[in-house]
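Peer 1: Quick one: this structure, given as structure tokens, is what I'll be asking you about.
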Amino acid sequence: MKTKITPKKITTYLFLLCALLVAPNLVAQKTVDAKDIMSAIKNGKDVSYENVTITGTLDLTFMDEKAPELPKKRKWYKNNGSNSIEEQIEVKVSFVNCVFDDNVFAYIHDEDSEYTFIANFEDDVAFTNCTFKGNALFKYSDFERNADFSGSTFKENTTFKYAKFDKNVSFANTTFDEDAIFKYSEFRRGVSFGDAKFKGNLNLKYTKVNGDFDIKGMDVAYSINSKYTKINGQSFNKYLVNRN
């Protein structure tokens, strides 16, 4: 018995075929608990995720684990007079097209203990085309290898104040919904802010850049604080005049 192919069936088949082709984009992203990521890092495993949603706070400083072992009151003469507790992230960290539902912390200052917890990155770091729904704090972090934040969106507070970038770093096509703070940051091999969108203020005060400084297409809705900013030894405004 032959099956009669009608125009209606052809339309149905085409619809199903199209659905199969686009299905990966329609399926809800897989959910990953931030604690599982932290566990992998602690065990020395590279972290690589794509098209997932991370739930819970991703605390790269491991403050909750370290804090109970520290003295209740900080003895300032110890640890060379510093109250900073630093975590060295030795593995590669890669997130592509991921959503962070909660906060991402590479910096926490604990008011109760007066300790400051910081995460440094010894290998490549990528947060590419990601969405940060909560706070994203990278204050004081050292990035010893390449760092890629291109295409990402920061919905809430974010700071890279005092952060140091030793290799290539990109914030190209990145969107900051709130004020973006790069005060005292240091880019030792240049940085790209090409086509980046700052919907609030951009704080570059005391920032130092050595190397390429790509700001083509960069858009800042309000003010840029570039006081004492140095781009290859030149002031920020002079750099702009000479390059654009």
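Peer 1: Can you tell me which residue is least open to solvent (accessible area, probe 1.4 Å) among those in the stretch 104-124 that are assigned to a loop (DSSP other than H, G, I, E, B) and modelled with pLDDT of 95 or more?
Peer 2: From the stretch 104-124, those assigned to a loop (DSSP other than H, G, I, E, B) are 106, 111-114, 122-124; that's our starting set.
Adding the requirement that they be modelled with pLDDT of 95 or more leaves 106, 122-124.
Details: Ala106: 0, Glu122: 63, Asp123: 29, Asp124: 44 Å².
Only one residue tops the list, namely Ala106.
Peer 1: Does any residue in the stretch 39-59 that is in contact (Cβ under 8 Å) with a residue 24 or more places away in the chain come within less than 6 Å, Cβ to Cβ, of a residue that is open to solvent by 40 Å² or more (accessible area, probe 1.4 Å) and in a strand (DSSP E or B) six or more places away or on a different chain, and which pairs are these?
Peer 2: Glu50/Val96; Val52/Lys30; Thr53/Thr31; Thr55/Thr31; Thr55/Asp33; Gly56/Asp33
Peer 1: Are any of the residues in the stretch 38-57 closer than 17 Å to Asp110 by Cα and modelled with pLDDT of 95 or more?
Peer 2: Yes - at least one qualifying residue is present in the stretch 38-57.
Peer 1: Would you confirm whether any residue within the stretch 223-234 is aromatic (Phe, Trp, Tyr), farther than 26 Å from Thr61 by Cβ and surrounded by fewer than 20 Cβ atoms within 10 Å (Cβ to Cβ)?
Peer 2: Yes, there is a match, as at least one residue in the stretch 223-234 is aromatic (Phe, Trp, Tyr), farther than 26 Å from Thr61 by Cβ and surrounded by fewer than 20 Cβ atoms within 10 Å (Cβ to Cβ).
Peer 1: Provide a single number: the residues in the stretch 30-62 that are in a strand (DSSP E or B), within 15 Å of Lys92 (Cβ to Cβ) and in contact with a Lys or Arg (Cβ under 8 Å, 6 or more places away or on another chain). Write out each step before concluding.
Peer 2: Kept after step one, since they are in a strand (DSSP E or B), are these residues of the stretch 30-62: 30-33, 47-50, 52-55, 58-59.
From the residues that got through so far, the ones that are within 15 Å of Lys92 (Cβ to Cβ) too are 47-50.
Pick out the ones that are also in contact with a Lys or Arg (Cβ under 8 Å, 6 or more places away or on another chain) and you get 47-48.
Looking only at that region, the number is 2.
Peer 1: Consider only pairs whose beta carbons are under 9 Å apart and that are at least six residues apart or on different chains; among these, list those whose first residue lies in the stretch 216-239 and is in a strand (DSSP E or B) and whose second residue is of a type in the set (A, V, I, L, M) and open to solvent by 40 Å² or more (accessible area, probe 1.4 Å).
Peer 2: Close Cβ pairs satisfying both conditions: Ile231/Leu240.
Peer 1: In the stretch 125-152, which residues are within 12 Å of the chain's Cα centre (by Cα), in a loop (DSSP other than H, G, I, E, B) and surrounded by fewer than 22 Cβ atoms within 10 Å (Cβ to Cβ)?
Peer 2: From the stretch 125-152, those within 12 Å of the chain's Cα centre (by Cα) are 125-139, 141, 143, 147-152; that's our starting set.
Subsequent filtering for residues that are in a loop (DSSP other than H, G, I, E, B) retains 129-130, 133-135, 138-139, 141, 149-152.
Across the stretch 125-152, the qualifying residues are Asn129, Lys133, Gly134, Asn135, Lys139, Ser150, Gly151.
Peer 1: Tally the residues that are open to solvent by 60 Å² or more (accessible area, probe 1.4 Å) and outside any loop (DSSP other than H, G, I, E, B), restricting the search to the stretch 182-207.
Peer 2: Adding up the residues that qualify gives 2.
Peer 1: Let me ask something else about it. Which residue pairs have Cβ atoms closer than 6 Å, lie 6 or more positions apart in sequence or on different chains, and pair a first residue in the stretch 84-98 that is part of a strand (DSSP E or B) with a second residue that is open to solvent by 70 Å² or more (accessible area, probe 1.4 Å)?
Peer 2: From the stretch 84-98, the pairs are Ser94/Ser48; Val96/Glu50.
Peer 1: Quickly run through the stretch 154-175 and pick out the residues that are within 17 Å of Phe132 (Cβ to Cβ) and outside any strand (DSSP E or B).
Peer 2: Passing the criteria: Lys155, Glu156, Asn157, Phe160, Lys161, Ala163, Phe171, Ala172, Asn173, Thr174.
The values are calculated or read from the model by the stated rules, or taken from the named source; none is laboratory data. Please read these numbers as outputs of a predicted model, since none were measured by experiment. Every residue, glycine as well, gets a Cβ built from its backbone with ideal geometry; the counts of neighbours run over all protein chains shown. Remember, those area values only see protein heavy atoms, side chains included, never the ligands or the DNA or RNA. Shrake-Rupley method; radii C 1.70, N 1.55, O 1.52, S 1.80 Å.
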